[in-house]
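K.L.:
Below are the structure tokens for one structure; questions will follow.
The values are calculated or read from the model by the stated rules, or taken from the named source; none is laboratory data. Keep in mind that this is a model prediction, so the values were computed, not measured. No Cβ is skipped: glycine too gets one built from the backbone with ideal geometry, and neighbour counts run over all protein chains shown. SASA here: full protein model, heavy atoms, side chains in, ligands and nucleic acids out. Shrake-Rupley method; radii C 1.70, N 1.55, O 1.52, S 1.80 Å.
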Amino acid sequence: MAQDDQFKKLIAHAKEYGYIFQSSEIYDGLSAVYDYGQYGVELKNNIKKYWWDAMVKMHENIVGIDAAIFMHPLVWKASGHVDAFNDPLIDNKDSKKRYRADVLIEDHLAKYEQKIEKEITKAKKRFGDDFNEKQFRETNPNVLRNKAKIDDIHGKFVQALENDNLDDIKNLIEECEIACPVSGSKNWTDVRQFNLMFETQLGSVAEGASKIYLRPETAQGIFVNYLNVQKTGRMKIPFGIAQIGKAFRNEIVARQFIFRMREFEQMEMQFFVKPGTEMEWFEHWKEVRMKWHKALGLPEEKYRFHAHDKLAHYANAAFDIEFEFPFGFKELEGIHSRTDFDLTQHQELSGKKLQYFDPESGESFVPYVVETSIGLDRTFLTILSACIQDEEVKKENGESDTRIVFKIPPALAPIKLAVLPLVKKDGLPEKAREIIDSLKFDFTCQFDEKDSIGRRYRRQDAIGTPYCITIDHQTLEDDTVTIRDRDTMEQERVQISELAQIVEDKVSMKKLLKKIF
Ligand code: GAP
């Protein structure tokens, strides 16, 4: 299936099964803002728990906070966001559509990468087991030509970014003959900078209300609380502060569903270290964070590291963990070595010392910071894009059928088990409710008695429920039920008393965490 169709299908599935709705849909929606539905909120909460447990519960030296969204306006002056949190934008004069200039170039580069991948796929098919990919990449003329193109454009792009030269970025767009995807024209305006922060007013407008911002990252709430937490928690360096919360950015190019939103959630951790040790910790967190992703069991080849082309104003090293979404490899998480930039800036603008006294050396210093920053919504999108599958299944009469199954990692599934009475009479619904009443303290359960059992299984497959429990007449006689596995569709007859353990073994978050720690 074409990537575009695959992506549209995913969005339709997310809506049809109560995961994600367009915000204010009855008013025709609000661009790049989304609401999470009844299953979406459960999946989101489970992702948060997985992250929180991995970062806070598993580390004695990491604690969490929940800072306010509104902050003193000087916070954003100190952090550099007022002056430098800009995206380069460009308009197409014919379609009047606005684009991020850097994204236009990145998408153009991705086309050359796709050409290379196509060559390799073709060659793999042709040569079968004898195929040597490394050698092919190094010698095939088509691959080499496309690679040279990528290197040339990329080199010019990085230089333009490093020099903050907006004219060079426009020249590159023209040189690459990049056309507007809507009008097809190459009639571009100059590139301009656009600040991404949302502004609002604090207090009454009449009485000199002051301008404040909706936070564009949660990290600053951690920096300004560094000393509060260090002192009240008697934290010793190295230590971390973690936070999950909303962030807001007035994105120019708001597209690709929940990939780029104007209101989204981040899960960030700032790890405070002794200056000079930051690169060690940077490597450490790169590794731990990649393990966290891979423990979910999504295809490993969908993850890769990517070094930043241009370092943010606060960083001395930065890598992204990228994921292969239906529209290509894109950033999922950033790991940044932020030096002492933020704390030093806050020290200067607030006039308060933000230092750490090291009892061992007797020295005081401003700690360096290694940050891990992951988008909750983007993590959600990785699961939607890797786990919704169309499968051929054989019916009992030998005919084949298809089912849509959402193979969410069981620990993250919104509903862990559905309890289905075979018929709506003879005491079966009552028995089903009895089972739910005993299991609901440990697992999110769902009762479903509508439609044939086959349709109910399909519905649960599409939601991603790992187990369906069917109650039939035999259940009333011997307290046994059938339990059906979402992925294998195998059914087994088990004692009701065994259910809790069977489900726990499959859906426990501990299992995921044990893969990391
Ligand atoms: N504190 C560092 C920071 O905010 P970032 O790379 O700008 O760094 C971190 O953002 C993560 O937040 C990204 O890797 C991405 O997952 C998520 N993110 C950023 N902008 C987003 C947006 N507009 N919509 C959804 N997620 C976003």
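K.L.:
Of the residues ILE116, ILE120, ILE178, which single one is open to solvent by less than 80 Å² (accessible area, probe 1.4 Å), more than 24 Å from LEU311 (Cβ to Cβ) and in contact with a His (Cβ under 6 Å, 6 or more places away or on another chain)?
P.N.:
Result of the check over ILE116, ILE120, ILE178: ILE178.
K.L.:
Now a separate question. Starting from segment 127-154, keep only residues that are not assigned by TED's automatic domain parsing to the domain that holds ALA307, then list their pairs with residues that are open to solvent by less than 90 Å² (accessible area, probe 1.4 Å) and among the acidic types (Asp, Glu) whose Cβ atoms are within a distance under 6 Å, requiring at least 6 positions of separation or different chains.
P.N.:
Every condition considered, the pairs that remain are ASN142/GLU119; VAL143/GLU119.
K.L.:
Another question about this same structure. If you take the residues in segment 303-320 that are open to solvent by less than 50 Å² (accessible area, probe 1.4 Å), touching a helix residue (DSSP H, G or I) at 6+ places or on another chain (Cβ under 6 Å) and of a type outside the set (Phe, Trp, Tyr), which one is nearest to VAL366 (Cα to Cα)?
P.N.:
This residue is ALA317.
K.L.:
Which of the residues spanning segment 276-297 are in a loop (DSSP other than H, G, I, E, B) and open to solvent by 10 Å² or more (accessible area, probe 1.4 Å)?
P.N.:
Scanning segment 276-297 gives GLY276, THR277, LEU296, GLY297.
Residues are listed down the side, and each one gets a yes or a no for (1) in contact with a Lys or Arg (Cβ under 7 Å, 6 or more places away or on another chain); (2) without any contact (Cβ under 8 Å) to a residue 60 or more places away in the chain; (3) not small (Gly, Ala, Ser):
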position	(1), (2), (3)
SER385	no, no, no
GLU392	no, yes, yes
THR402	no, yes, yes
ILE415	no, no, yes
ALA432	no, yes, no
PHE447	yes, yes, yes
ASP451	no, yes, yes
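K.L.:
Starting from residues that are within 14 Å of the ligand (Cβ to nearest atom) and acidic (Asp, Glu), keep the ones in segment 325-344 and report whichever is farthest from ARG234 (Cα to Cα).
P.N.:
Here the residue is GLU331.
K.L.:
Which pairs do you get when a residue that is among the β-branched types (Val, Ile, Thr), found in segment 252-268, comes within reach of a residue that is open to solvent by 30 Å² or more (accessible area, probe 1.4 Å) and more than 9 Å from the ligand (Cβ to nearest atom), reach meaning Cβ atoms under 7 angstrom, with the pair 6+ apart or on two chains?
P.N.:
From residues that are among the β-branched types (Val, Ile, Thr), the pairs are ILE252/ARG98; ILE252/ARG100; ILE252/PHE194; VAL253/ARG100; ILE258/TYR34.
K.L.:
Report, by residue number, each residue of segment 345-385 that is touching a strand residue (DSSP E or B) at 6+ places or on another chain (Cβ under 8 Å) and away from the ligand (no atom under 16 Å from the Cβ).
P.N.:
GLN355, TYR356, PHE357, ASP358, GLU363, SER364, PHE365, VAL366, PRO367
K.L.:
The conditions are (1) within 12 Å of the ligand (Cβ to nearest atom); (2) assigned to a loop (DSSP other than H, G, I, E, B); (3) crowded, with 18+ Cβ neighbours inside 10 Å, and VAL253 fails exactly one of them. Which is it?
P.N.:
That leaves (3) as the condition not met.
K.L.:
Report, by residue number, each residue of segment 330-355 that is aliphatic (A, V, I, L, M) and over 17 Å from GLU278 (Cβ atoms).
P.N.:
Answer for segment 330-355, where residues must be aliphatic (A, V, I, L, M) and over 17 Å from GLU278 (Cβ atoms): LEU332, LEU349.
K.L.:
Looking at (1) basic (Lys, Arg); (2) at pLDDT 95 or above; (3) in contact with a strand residue (DSSP E or B) (Cβ under 7 Å, 6 or more places away or on another chain); (4) surrounded by fewer than 14 Cβ atoms within 10 Å (Cβ to Cβ), find the lone condition where LYS231 falls short.
P.N.:
(3)
K.L.:
To continue, here is another question. Restricting to segment 256-267, what's the tally of residues that are within 6 Å of the ligand (Cβ to nearest atom) and either in a strand (DSSP E or B) or of a type in the set (Val, Ile, Thr) (or both)?
P.N.:
Qualifying residue count, segment 256-267: 2.
K.L.:
Moving to a separate point now. Do the conditions hold for LYS274, that is, is it farther than 19 Å from ASP320 by Cβ and in contact (Cβ under 8 Å) with a residue 60 or more places away in the chain?
P.N.:
yes
K.L.:
Which helices (runs of 4 or more DSSP H) sit wholly inside segment 118-220 and have at least 3 residues that are under 28 Å from the mean Cα position of the chain (by Cα) and within 16 Å of the ligand (Cβ to nearest atom)?
P.N.:
Values: elements: 133-139, 141-162, 166-175.
In segment 118-220, no matching helices (runs of 4 or more DSSP H) lie anywhere.
K.L.:
So, GLU280, is that one more than 14 Å from the ligand (Cβ to nearest atom) and either more than 30 Å from PRO359 (Cβ to Cβ) or more than 15 Å from the chain's Cα centre (by Cα) (or both) or not?
P.N.:
In short, yes.
K.L.:
For LYS246, state whether it is open to solvent by 50 Å² or more (accessible area, probe 1.4 Å), assigned to a strand (DSSP E or B), in contact (Cβ under 8 Å) with a residue 60 or more places away in the chain and farther than 30 Å from GLY362 by Cβ.
P.N.:
yes
K.L.:
Scanning for something part of a loop (DSSP other than H, G, I, E, B), open to solvent by less than 30 Å² (accessible area, probe 1.4 Å), at positive phi and without any contact (Cβ under 8 Å) to a residue 24 or more places away in the chain, does segment 23-35 turn up at least one residue?
P.N.:
yes
K.L.:
Now for a different question. Just wondering, is there one or more residues in segment 458-477 that are open to solvent by less than 80 Å² (accessible area, probe 1.4 Å) and of a type in the set (Gly, Ala, Ser)?
P.N.:
Scanning segment 458-477 turns up at least one residue that is open to solvent by less than 80 Å² (accessible area, probe 1.4 Å) and of a type in the set (Gly, Ala, Ser).
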